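All remarks here apply to the structure that follows.
Just so it is clear, none of the values below were taken in a lab; they were calculated from the coordinates. What you see is a predicted model; the values in this text were computed from it and never measured. When we count neighbours, we look across all protein chains shown, and the Cβ atoms used for this are built from the backbone with ideal geometry, even at glycine.
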Amino acid sequence: MKNKKQIIILIVILSILIVFLTATMFLLINKDFNFRFMFNNSQMKLIESYETLALDIENINLDMIDGDIDVRESKNENIKIEYYNNKDKNNKIISFNAGTIYVAEEQNHCFGFCFNNSKLIIYIPSTYLGLYDVKTISGDINLKVDITNKINIKTTSGDVNIEKADNIDIETTSGDIKVNKSDKAIIKSVSGDVIFNNILGSFNIKTTSGDITLGEIEINEDSFIDTVSGDVFIESNNNNNYIDYETVSGEKEINNSNRTSQFTIKIKTISGDISVN
C-alpha cells in the first residue's frame, strides 16, 4: 500500500512538471508573446528626463537592450527624452557629441530570467530634419511622429510600427513591421510579417518566413519583393505597374499589370502565393 501511494504521488508530480514545461515551451516559441510584460509593466516610473533645443541636434542615436522606444511629436521646438524603468536603477547613458545625441541602455547582468522592464520616450518637433539611428534587442519601436528624413532601424525580437516616414531602412529578426505611409523603403526581415498601407516612391523588401502585404502603391522607380516562405499580397497597384513575378511553389493571381508601364515591380517567392489587384 505504501509503495502504491508513493507511485501515485510521483505520477502527480511528473504530470504537473510536464504541464509546466509544455506551457513554458509554448510561450517561448510564440513570437507574439513577450515574457517581460508579465512582470511589473504597470509599475514603471520616470527615472530620468533630458531636454535640449532641436536646432543643436543633427543626429539621434538610440540603442535599447530590453525596452521599447516611442518617438512622439513635441509640443515645442525642443527634443525631450524620458527614461522609464520598473526598478529604481538608471541603466541609461545620455551623451552629446558634435551635433549627435546618443541614448544607450546598459546590459543587465543577472542569472536566469531578468524581470527588468524599461521604456524610452523621445519627443521630436515636427520641423526636425535630422537623421535617426534606432536599435533594440527585445523591444518594440513605435514612431508616432512624421519622419521627414532618413531613419535606420534594427531590432531583434521586437515589432516596428511607423506612422509616416519619407525614407526608411529597417532590419528585423523575429518581429513584424507595420508602416502607414512611406516614400522609400528598404526592408530586411527574418521571421516577421511586413505591412505597408501606402507607398508613394519605391521599395525593396526581402523576407524569410514572413508575409508581405502592401496597400496602395504609386511608385516612381522599379521596386522589388523577395521572399523565401511567405505570401505576397498587393491590394491596389494604382498606377498599373508591370508585375514581373516568379514563384517556385505557390499560386499566383495577377489582376492588374501593364507590360508597357514605365516602372516594374519584381516579385520572387520560393514557397508563397502572389496576389496583385
### Placed amide H near residue 226: partners under 5 Å, 5+ positions off or other chain
205, 206, 207, 268
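Please get the size of the charge dipole for region 185-277, origin at its Cα centre, with Cβ charges of +1 on Lys and Arg and -1 on Asp and Glu, quoted in debye to the nearest 20.
Dipole magnitude for region 185-277 comes out near 240 debye.
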## Note on the structure
Pairs over 28 Å Cα to Cα, from 75/150; 144/188; 80/206; 135/252; 144/266, come to 80/206; 135/252; 144/266
### Message
Skipping prolines and chain starts, which residues have an amide H placed within reach, meaning under 5 Å, of the one on residue 273, given they are 5 or more residues away or on another chain?
### Response
231, 232, 251
### Message
Taking θ = phi - 60°, what integer Hz values does the Karplus form 6.51 cos²θ - 1.76 cosθ + 1.60 yield along region 67-80, in sequence order, with x for Gly and Pro?
### Response
x, 7, 10, 10, 10, 10, 7, 7, 8, 9, 9, 9, 9, 10
